[in-house]
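Let me begin by presenting the structure, written as structure tokens, before commenting on it.
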Amino acid sequence: MTAALLTDVPVEPLLPANRGTRKDYYRKDAKLNGAVWHLNDQFKEYLFVDWRKLGINHRGLVEATADFMVDRILSSSASNVMGHYRAICKLQNLMAFQTWLNSPSGADRGDLDQEWFHEARATGKWNKGDLSHARRWFVFCSKQEGSGVSPAAGRALGRIAIGWNPKAVAVLTNDPKEGPLDDAETTALLQALLAARAERSIDIAGIAATWLCIILGPNPRHLAFLREEDFRRVDGRHSELSIPRIKGKDAPGRTEFRRRKLDEFAAKLIEDLIAENALRRGLKPWEDETLGLALFARRSPRKQVLGRPQHSYAMHMTPTGISKLVSEVVTALEIHSPRTGKQLEATPRRFRYTFATRLLREGASLEVIRDLLDHTSKETVAAYLNLRGDIIEKLDAVLDLELAPVAQAFMGTLVVDESEAQRGNTRTSRIFALDRDTKAAESVGSCGSFSFCGLAAPGACYTCVKFQPWIDGPHHIVLDNLLKERAERKDRGLNGRLISMNDHTILAVADVVKRCAEVKGALSPLLSCENVLEHTEGGET
């Protein structure tokens with residue numbers, strides 16, 4: 001119920017006293033006076049606190065709220081400030097709050113208690129974030145003299161548990177839609193990205209952003225701050241990327257960096273992206289050379305920030321734009337999750353969860369995880385603690401060879417024989433498999449690449465987009481070798497990750513075996529579930 005329904009006398013909102021100009025969270029000047037306080041942010045142009053929309057007619061509460069907003073502006077991001085502001089604005093829709101505002105002024109009004117909170121939670125329209133923001137405001141105001149907020153109510157409300165936030169729930173429950181990706185999903189995604197780059201089917205900026213999200217687990221804001229100068233090769237060989245820190249004292253974004261090593265594919269992606277950016281600038285020269293050379297660049301500058309504190313970031317994609325770009329790439333790859341059987345959907349947030357849980361699984365401490373994720377406190381990553389015993393080091397037990405195609409591990413092209421293969425007329429294109437029993441080498445397919453790749457044939461070939469397996473090739477030899485190697489690692493008592501390290505390759509080879517058998521009109525006995533279970537005792541596939 002709104003204020004208009006509660007009283008015929010409209011609430012006349014009061015404006016707080018002038019708080020002057022202060023250095024905010026980003027160490028930029030924030031003018032805290034008047035009816036509207038404008039907030040600074042490198043990527044969001046129109047963030048402000050409009051005191052007229054709060055509708056508070058109690059002088060003490062207005063001043064206490066102003067002190068609270070100043071505290072938020074100095075200690076947290078503009079987005080965090082806006083989250084609290086919007087939650088406070090929602091109080092106007094609560095009968096308990098409006099009844100107090102419209103009660104007689106002076107001593108007869110009484111103190112504002114926590115009844116509004118119970119009403120907000122009971123309506124079901126307030127999410128946990130809004131409840132948490134409003135509670136923080138209420139507890140803060142309860143400690144300010146003359147605020148009109150009951151100190152006892154503030155202490156009582158501070159002890160009420162609101163519940164876990166969506167992030168913790170998604171991570172701890174390993175949610176298949178919002179939580180971390182499993183190994184099969186991650187590997188399938190990496191293979192699809194490799195194929196998309198080889199085929200030039202997806203814009204390089206999207207592939208680069210998605211690849212970095214997988215291997216580094218950044219916040220979209222990290223990627224949005226990146227500039228071409230942040231990439232370099234050490235001694236002309238080893239590559240690294242300087243990631244701008246974005247939390248706490250490093251909130252301005254490009255004042256302190258964390259160096260992260262890159263794999264060669266990521267390095268080449270970034271070099272190609274920088275070259276493409278330079279080509280685009282050459283075709284359409286910038287009129288303003290004071291703009292930063294963003295790694296993930298826009299086609300044109302954001303006019304809204306030109307001449308403002310965010311001026312140098314006008315050509316940077318925003319964090320929202322980065323998130324959208326990555327989500328669209330994952331959708332375009334059309335990967336089906338072995339867990340759900342549905343098309344995989346992923347955002348930078350999911351990749352961040354995946355990165356953190358993988359670090360934890362591999363024995364990293366919370367301090368290391370905190371540093372790599374650029375969190376300011378260990379408590380922020382505490383949600384990952386309970387995953388230590390829950391991480392599954394193997395593929396899902398029901399994912400047998402009959403479901404191998406769902407994993408989309410095989411990325412190549414099946415051909416009848418060598419005569420149909422690209423480069424089939426070149427004997428050096430042949431891929432051989434060694435039978436462990438007979439020690440004989442037999443051809444299983446052709447390599448369509450015109451350059452040396454350095455991958456370990458034949459196993460790695462089955463997950464390569466350039467591989468062309470022959471229908472009559474003895475692929476069962478490769479499959480049998482991989483399954484035997486897996487069983488041997490298990491017998492030696494190695495940990496689950498080492499046991500399952502080639503599971504994705506096994507699925508790729510199994511997919512080829514199945515496809516060849518179907519083409520030849522007879523299913524191979526290797527495709528039976530009994531055979532799989534024989535080699536994957538204990539539910540490991």
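Which is part of a loop (DSSP other than H, G, I, E, B), modelled with pLDDT under 65 and at positive phi, of Gly454, Gly389? Talk me through it step by step, then tell me what you get.
Numbers: Gly389 fails: at positive phi.
The conditions single out Gly454.
Considering only the stretch 304-363, how many residues are farther than 15 Å from Lys44 by Cα, surrounded by fewer than 16 Cβ atoms within 10 Å (Cβ to Cβ) and among the β-branched types (Val, Ile, Thr)?
2
Which of the numbered conditions does Ile471 fail, given that it passes all the others? Conditions: (1) β-branched (Val, Ile, Thr); (2) modelled with pLDDT under 85; (3) surrounded by fewer than 20 Cβ atoms within 10 Å (Cβ to Cβ).
For Ile471, the failing item is (2).
Report, by residue number, each residue of the stretch 150-179 that is of a type in the set (A, V, I, L, M) and either outside any loop (DSSP other than H, G, I, E, B) or at pLDDT 75 or above (or both).
Across the stretch 150-179, the qualifying residues are Ala152, Ala153, Ala156, Leu157, Ile160, Ala168, Val169, Ala170, Val171, Leu172.
If the requirement is being touching a residue at least 40 places away in the same chain (Cβ under 8 Å) and either outside the structural domain of Arg299 (by TED's automatic domain parsing) or not aromatic (Phe, Trp, Tyr) (or both), which of these qualifies: Arg237, Arg245, Arg232, Arg200?
Numbers: Arg237 fails: touching a residue at least 40 places away in the same chain (Cβ under 8 Å); Arg232 fails: touching a residue at least 40 places away in the same chain (Cβ under 8 Å); Arg200 fails: touching a residue at least 40 places away in the same chain (Cβ under 8 Å).
Answer to the selection: Arg245.
Please specify each residue of the stretch 6-31 satisfying the condition of being among the basic types (Lys, Arg) and either in contact with a helix residue (DSSP H, G or I) (Cβ under 9 Å, 6 or more places away or on another chain) or at pLDDT 95 or above (or both).
Hits for the stretch 6-31 are Arg19, Arg22, Lys23, Arg27.
Being basic (Lys, Arg), within 21 Å of Asn102 (Cβ to Cβ) and out of contact with any Gly (no Cβ under 7 Å at 6 or more places or on another chain) is true for just one of Lys23, Lys28, Lys53, Lys44. Which residue is that?
Lys53
Being among the hydroxyl-bearing types (Ser, Thr, Tyr) and out of contact with any helix residue (DSSP H, G or I) (no Cβ under 6 Å at 6 or more places or on another chain) is the filter; apply it to the stretch 319-341 and report the residue that is nearest to Glu199 (Cα to Cα).
Taking the candidates together, the pick is Thr331.
Please verify whether Arg72 is farther than 21 Å from Ser150 by Cα, buried (at least 19 other Cβ atoms within 10 Å of the Cβ) and either without any contact (Cβ under 8 Å) to a residue 60 or more places away in the chain or in the same structural domain as Arg254 (by TED's automatic domain parsing) (or both), treating the condition exactly as stated. Working first, answer last.
Working: farther than 21 Å from Ser150 by Cα: yes; buried (at least 19 other Cβ atoms within 10 Å of the Cβ): yes; either without any contact (Cβ under 8 Å) to a residue 60 or more places away in the chain or in the same structural domain as Arg254 (by TED's automatic domain parsing) (or both): yes.
When the stated conditions are applied, Arg72 passes them.
Let me confirm something: among Ala433, Ala421, Ala441, which residue is at pLDDT 85 or above, outside the structural domain of Gly341 (by TED's automatic domain parsing) and more than 24 Å from Arg489 (Cα to Cα)? Show your work before the answer.
Working: Ala433 fails: more than 24 Å from Arg489 (Cα to Cα); Ala441 fails: more than 24 Å from Arg489 (Cα to Cα).
Only one candidate passes the filter, namely Ala421.
Any chance the stretch 86-98 includes a residue that's over 22 Å from Asn18 (Cα atoms), within 39 Å of the chain's Cα centre (by Cα) and among the charged types (D, E, K, R)?
Looking through the stretch 86-98, at least one residue is over 22 Å from Asn18 (Cα atoms), within 39 Å of the chain's Cα centre (by Cα) and among the charged types (D, E, K, R).
Step by step: first the residues of the stretch 113-150, then only those that are surrounded by fewer than 21 Cβ atoms within 10 Å (Cβ to Cβ) and hydroxyl-bearing (Ser, Thr, Tyr), then the one that is nearest to the chain's Cα centre (by Cα). Which residue is that?
Ser132
The values are calculated or read from the model by the stated rules, or taken from the named source; none is laboratory data. This is a predicted model, so every value here is computed, not measured. Counting neighbours? That spans all protein chains shown, and the Cβs are built from the backbone with ideal geometry, glycine included.
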